[in-house]
1. Which residue is farthest from residue B:37 (Cα to Cα), if the candidates are limited to region A:1-59 and must be touching a strand residue (DSSP E or B) at 6+ places or on another chain (Cβ under 6 Å) and among the polar types (S, T, N, Q)?
2. Which is touching an Asp or Glu at 6+ places or on another chain (Cβ under 6 Å) and closer than 30 Å to residue A:80 by Cα, of B:133, B:65?
3. Mind checking whether some residue in region A:23-43 is at the interface with chain B (Cβ under 10 Å from one of its Cβ atoms), under 16 Å from the mean Cα position of the chain (by Cα) and at negative phi?
4. Is it fair to say residue B:30 is over 28 Å from residue B:149 (Cβ atoms), within 14 Å of another protein chain (Cβ to nearest Cβ), in a loop (DSSP other than H, G, I, E, B) and of a type outside the set (S, T, N, Q)?
5. Given the condition touching a Leu at 6+ places or on another chain (Cβ under 8 Å), surrounded by 17 or more Cβ atoms within 10 Å (Cβ to Cβ) and farther than 20 Å from residue A:73 by Cα, answer yes or no: does some residue in region B:117-139 qualify?
6. I'd like to know if region A:63-77 contains one or more residues that are touching a strand residue (DSSP E or B) at 6+ places or on another chain (Cβ under 6 Å), open to solvent by 40 Å² or more (accessible area, probe 1.4 Å), among the charged types (D, E, K, R) and under 16 Å from residue A:100 (Cβ atoms).
7. Select from region A:31-59 the residues that are crowded, with 16+ Cβ neighbours inside 10 Å and of a type in the set (Ser, Thr, Tyr) and list them in ascending order.
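The values are calculated or read from the model by the stated rules, or taken from the named source; none is laboratory data. Because the structure is a prediction, the values reported are computed rather than measured. Here Cβ is always computed from backbone atoms with ideal geometry, including for glycine, and neighbour counts include all displayed protein chains. Heavy atoms of the whole protein, side chains included, go into the accessibility calculation; ligands, DNA and RNA do not. Shrake-Rupley method; radii C 1.70, N 1.55, O 1.52, S 1.80 Å.
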Amino acid sequence: MDKTVRFRVRLNDKIADVKIMIFHPMETGYRKDKLTKNMIPKHFIHTVKIGHNQKPIMQVHWSRSVSKNPYLNFRVPNAIGGDELSIAWEDNMGESGVGTTIIA
Amino acid sequence: MKLSKKRRVFLRSALALMSTLLIPNQGNARWDKKAYNEVNIVDSMQSIGIRNPEELRDGSNKIELSLPEIAENGAIVPIKILSKIPKTERIFVFAEKNPQPLVSDYVFTPNVEPFVASRIKMSETAFVHVIVLADGIFYRAARQVKVTIGGCGEE
């Protein structure tokens with residue numbers, strides 16, 4: 001598992017409140033490099049797929065208007081301790097990352 | 001007799017085709033390049049299937065939308081959305097004055113709550129429009145956010 005994804009999960013009354021953060025620059029393409037004076041190319045995550053016990057439950061589509069190191073909070077009902085949550089992201093430069101966690 | 005049977009068969013297949021066109025297939029939901037590249041909010045709304053933004057249903061009392069009134073830093077504007085509309089399938093977020101107004105969209109299955117929170121960038125003071133697609137119908141809730149320092153260009 002790579003280190004691009006960080007999870008925080010709180011289980012309350014069978015609902016998992018899931019907070020994730022993905023380490024990513026989310027460049028708009030409108031920013032200039034202060035040293036070289038060149039424009040920094042756009043670089044952003046466009047798709048995040050979320051799974052609960054290997055089953056897809058939600059799909060996220062982003063643009064360059066999502067903040068750097070994107071934060072995402074969602075809620076999964078019918079969750080119990082031991083369940084697996086997974087996320088997989090993909091960006092416009094062909095980079096990708098995955099993260100999984102087991103609900104405590 | 002023969003004709004009416006033919007017609008019935010035709011109507012049935014036409015209906016089947018229409019229903020496949022109307023029901024968004026969650027498995028096939030993709031990042032919509034056209035909608036995300038539009039520079040005008042009306043064009044972007046049209047490419048996600050809203051023919052006329054005037055016809056959007058008022059969702060202001062069924063969509064719980066949390067946004068700051070004033071955002072000091074446009075690079076990090078927290079947004080929280082909870083849809084209370086049954087059969088919510090999808091939520092779209094638009095920042096009206098961003099270079100490309102469509103910010104994000106979320107495709108839900110019945111196995112997740114129609115809730116999402118994240119952080120977005122806003123280039124200037126503008127309305128944020130949240131569009132909920134539920135049972136094939138589009139609803140809107142909007143809120144103005146005053147941005148002190150824009151968050152799209154230089155830092």
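1. Filtering first and then ranking leaves A:53.
2. Values: B:65 fails: touching an Asp or Glu at 6+ places or on another chain (Cβ under 6 Å).
It is B:133.
3. Looking only at region A:23-43, we keep the residues that are at the interface with chain B (Cβ under 10 Å from one of its Cβ atoms), and these are A:26, A:28-32, A:34.
Then keep just the ones that are under 16 Å from the mean Cα position of the chain (by Cα); that gives A:26.
With the extra rule that they be at negative phi, the set shrinks to none.
No, every residue in region A:23-43 fails to be at the interface with chain B (Cβ under 10 Å from one of its Cβ atoms), under 16 Å from the mean Cα position of the chain (by Cα) and at negative phi.
4. Working: over 28 Å from residue B:149 (Cβ atoms): yes; within 14 Å of another protein chain (Cβ to nearest Cβ): yes; in a loop (DSSP other than H, G, I, E, B): yes; of a type outside the set (S, T, N, Q): yes.
Answer is yes for this residue.
5. Yes, because at least one residue in region B:117-139 is touching a Leu at 6+ places or on another chain (Cβ under 8 Å), surrounded by 17 or more Cβ atoms within 10 Å (Cβ to Cβ) and farther than 20 Å from residue A:73 by Cα.
6. Scanning region A:63-77 turns up no residue that is touching a strand residue (DSSP E or B) at 6+ places or on another chain (Cβ under 6 Å), open to solvent by 40 Å² or more (accessible area, probe 1.4 Å), among the charged types (D, E, K, R) and under 16 Å from residue A:100 (Cβ atoms).
7. Selection gives A:47 alone.
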